[in-house]
1. Suppose we keep only residues that are out of contact with any strand residue (DSSP E or B) (no Cβ under 7 Å at 6 or more places or on another chain) and part of a loop (DSSP other than H, G, I, E, B) within the range 203-214. Which one would you say is farthest from residue 124 (Cα to Cα)?
2. Yes or no: residue 153 modelled with pLDDT under 95 and closer than 19 Å to residue 235 by Cα?
3. Residue 178 fails exactly one of the following numbered conditions: (1) more than 10 Å from the chain's Cα centre (by Cα); (2) modelled with pLDDT of 95 or more; (3) part of a loop (DSSP other than H, G, I, E, B). What is the number of that condition?
4. Of everything in the range 151-165, what is without any contact (Cβ under 8 Å) to a residue 40 or more places away in the chain and surrounded by 19 or more Cβ atoms within 10 Å (Cβ to Cβ)? Give them in sequence order.
5. List the residue pairs whose Cβ atoms are under 8 Å apart, where the first residue sits in the range 1-14 and is part of a strand (DSSP E or B), the second is surrounded by fewer than 19 Cβ atoms within 10 Å (Cβ to Cβ) and at pLDDT 70 or above, and the two are 6 or more positions apart or on different chains.
6. Please go through the range 138-150 and give me each residue that is surrounded by 15 or more Cβ atoms within 10 Å (Cβ to Cβ) and in contact with a helix residue (DSSP H, G or I) (Cβ under 9 Å, 6 or more places away or on another chain), ordered by number.
7. Return yes or no: is residue 232 under 21 Å from residue 128 (Cβ atoms) and surrounded by fewer than 21 Cβ atoms within 10 Å (Cβ to Cβ)?
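The values are calculated or read from the model by the stated rules, or taken from the named source; none is laboratory data. Keep in mind the model is a prediction, meaning the values are calculated, not measured. All Cβ positions, glycine included, derive from the backbone under ideal geometry; neighbour counts span all protein chains shown.
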């Protein structure tokens, strides 16, 4: 549980789940032990924000250089963090998934993708795997596997927040180590599936290897995506 600058209890570490205010990253225990707690709780700092030129998402000045939705680089004025490669994507192998992330030419999660009716659909089987927990993780909840079928081009992975109007296509609300906007799965018209970590707090792993932020990773049938404390997503097609 976290406390926001307006003294609300929040289930989210980045923005208050009740009012949407940016949280300073301290939990209840840290705030209670901090002698400056009254100042922290009652003082709210105005943070300037500007819309992303590509997708119009509001970007706060102190939240990094990249748009958390489309990856626009506010420092260089380029799309997707680094300029995307003009070469066709290589064939992915398990050995190069983390060291040489696959980039697809001109891929962008900001533009809606229209899928032809004959494209095969992908399924994400979401399960809780206690073996993924670290010593700092809370007890894993008991949850039967959930299957979500991708039926649109852009699919947000994250946690639901009514205050911030975040409603992911792949909601992982049981795991508080998953960011509200954690990653994007993009289904392209040719049937290929691409994963992009959009600046999550705790990272994303594919087949046990951590992927780079804002890198486009080509996903294959049977891949395992792990994130948060103990969340596993098995990719089926």
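1. 212
2. Working: modelled with pLDDT under 95: yes; closer than 19 Å to residue 235 by Cα: yes.
Yes, satisfied.
3. Status for residue 178: all satisfied but (1).
4. Matches in the range 151-165: 155, 156, 158.
5. 2/9; 3/9
6. 140
7. On the way: under 21 Å from residue 128 (Cβ atoms): yes; surrounded by fewer than 21 Cβ atoms within 10 Å (Cβ to Cβ): yes.
The answer is yes for residue 232.
Every residue, every condition in (1) part of a loop (DSSP other than H, G, I, E, B); (2) surrounded by 16 or more Cβ atoms within 10 Å (Cβ to Cβ); (3) outside the structural domain of residue 130 (by TED's automatic domain parsing), yes or no:
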site	(1), (2), (3)
168	yes, yes, no
173	yes, no, no
184	no, yes, no
190	yes, no, no
195	no, yes, no
200	yes, yes, no
222	yes, no, no
